[in-house]
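Read through the structure below, which is laid out as structure tokens, and then see the notes.
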Amino acid sequence: MTDIFKLSVPGKPEYVGTVRMAISCLANNVGFDIEAIEDIKVAVSEACTNAICHGKDNNGIFEVFCEMEKGKLVVSVVDQAGGYDKNKYCEPCLSLPKEGGLGLFIIRSLMDEVDIFTELGAGTKIKMVKYAR
């Protein structure tokens, strides 16, 4: 059986910590160890930060969905910030890092599965999956 937890979050940076704490508690309940919980918290923070940064023009909210199963956590961060053209996304250059632009790279390195659904004019959904070891 899958339990689903949903948060509707104001698009302001001060609420990212609240989301991190909630997801941390849920991941603990699923049975993740502290190292995995830290990875999940960082990935979720990056996804929330993306939703806030790209959604600042619409002053809207974003939503966080957490699906909990035995040994598996699925976290989705969904915004209505207008989306982006996935064909124009470039992987960051790690030998010459710059401020910003590393969020998706970090998320992909910390989570077991990452899917991005985006549509120009509509918004973006980042779906992240972590399996307990």
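The values are calculated or read from the model by the stated rules, or taken from the named source; none is laboratory data. Quick caveat, the model's predicted, so the values are computed rather than measured. Here the Cβ is made from the backbone with ideal geometry for all residues, glycine too, and neighbour counts use every protein chain on show.
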Candidates Glu69, Glu38, Glu91 - the one that is modelled with pLDDT of 95 or more and not small (Gly, Ala, Ser) = Glu38
In region 1-47, which residues are surrounded by fewer than 19 Cβ atoms within 10 Å (Cβ to Cβ), farther than 20 Å from Ala81 by Cβ and of a type in the set (Gly, Ala, Ser)?
-> Gly17, Ala22, Ser24, Gly31
Based on what the data block shows, is Asn50 loosely packed, with under 13 Cβ neighbours inside 10 Å, part of a helix (DSSP H, G or I) and at pLDDT below 95?
-> no
Test: residue in region 113-121 that is of a type in the set (Val, Ile, Thr), modelled with pLDDT of 95 or more and closer than 19 Å to Ile34 by Cα = no
